[in-house]
Amino acid sequence: MRKAIITLISALVFITAAVMFKNLYSCNIPIGNRGIRAALKEGGLDALFIGSSTFRSNLDMHELDEAYDDRAYIISYGGNQYTATSIQYDEIRRRATHECKLMIFELDPLMLTEDVKLSDSRVIWDLSFEGKIALWNKLKAAGNDDLSIMYEYFVTSGMDDLITYPVTERFYSTRYYKGAKTDETPSSGLDFLENEEFDISDSVLVNAQLESVKEIIEKCRRDGQDFIFLECPHYYRLENDPKYAEYHDFFADLMEEYDVRCIYAHDVDFDNHNPEYYEDMGHFSATGRHVYTQELIKVLKGYL
């Protein structure tokens, strides 16, 4: 009995220590070529892209490395939201020792309709404890702070990375150059893209996301940080959807009101009707990523 109690206590101490270590120091653990720590380690950057999996899938890092002499970087997370991006910007400014010439934030009209939630545990992993608390306060303000979410946020999220680190670390660098995939992404084909079902008709504006866009703009201007917003082309069926068009116009009006420079999908020479370029409605195939990035670099020359 005594041995069982000692074992139980030891296990609890170990788990508590692991959880505390993760919450306090996860942002300092190198995880391949990804995340805030990896971006800051690069030193001064010409271009830093901050967005969701769309950026990771649609931007070809080989092309960007060549165009900017390895002085470009992408920070992206699955389903990244503007509420989280605002916190990520603060984190970068707080920890960076070098300047970034241009920050490129993702412009996705439908992000304005996303409920404030934890979309990707890597967001938490990359933040210092100060950043973790700031993001948690965003979730709390949105009402997403019940005990199950708190347990996921502070205890379970990122534990898989911590436990499997010695094995999985070698794969992350490769994934960074393949759109976060273990292999190059093929097109899903014309039949799939023409018949893939989606319904955004009931999407509604989430004020917290709108306010976070304004925060990002205000913070950049306060800090003298040069920035733009970039919209990647979605497959034409999504862009032609009336609800998408409605929020696109709303976002465009907001950018005009705040006098923000933007690169919209139609500003880059890219055929969003070509099924060979797409994996799904919003993510490119390897071919699409390569073609789009080459054309995007031509447009970016006017901003860098």
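The values are calculated or read from the model by the stated rules, or taken from the named source; none is laboratory data. Just so it is clear, the structure is predicted and the values come from calculations on it, not from any experiment. Neighbour counts are summed over all protein chains in view; Cβ atoms, including those assigned to glycine, are modelled from backbone coordinates with ideal geometry.
LEU304 meets each of the listed conditions (1) farther than 25 Å from GLN209 by Cβ; (2) in contact with a helix residue (DSSP H, G or I) (Cβ under 7 Å, 6 or more places away or on another chain) apart from (2). Taking the range 30-81 and the helices (runs of 4 or more DSSP H) fully enclosed by it, the elements with 1 or more residues that are out of contact with any Gly (no Cβ under 6 Å at 6 or more places or on another chain), of a type in the set (Gly, Ala, Ser) and crowded, with 19+ Cβ neighbours inside 10 Å are at 35-41, 61-67.
Please go through the range 108-145 and give me each residue that is outside any helix (DSSP H, G or I) and of a type in the set (Ser, Thr, Tyr), ordered by number.
Pass one, the range 108-145, residues outside any helix (DSSP H, G or I): 108, 114-120, 127-128, 142-145.
Selection gives SER119, SER128.
Please verify whether the range 82-99 includes one or more residues that are outside any strand (DSSP E or B), within 21 Å of GLU279 (Cα to Cα) and modelled with pLDDT of 90 or more. Break it down stepwise before answering.
Within the range 82-99, the subset outside any strand (DSSP E or B) is 82-99.
Next cut, within 21 Å of GLU279 (Cα to Cα) only: none.
Checked against the condition, which is being outside any strand (DSSP E or B), within 21 Å of GLU279 (Cα to Cα) and modelled with pLDDT of 90 or more, the range 82-99 yields no hits at all.
Here SER26 does not qualify as assigned to a helix (DSSP H, G or I), touching a residue at least 60 places away in the same chain (Cβ under 8 Å), surrounded by 16 or more Cβ atoms within 10 Å (Cβ to Cβ) and within 17 Å of the chain's Cα centre (by Cα). Do you know which of the residues in the range 1-39 that are touching a strand residue (DSSP E or B) at 6+ places or on another chain (Cβ under 9 Å) and at pLDDT 80 or above is nearest to GLY158 (Cα to Cα)? Here the residue is GLY35.
Going residue by residue through the range 146-160, is there one that turns out to be out of contact with any strand residue (DSSP E or B) (no Cβ under 6 Å at 6 or more places or on another chain), modelled with pLDDT of 75 or more, of a type in the set (Asp, Glu) and part of a helix (DSSP H, G or I)? Yes: one or more hits. ASP120 falls short on exactly one of the conditions (1) farther than 23 Å from MET281 by Cα; (2) under 14 Å from the mean Cα position of the chain (by Cα), and that condition is (1).
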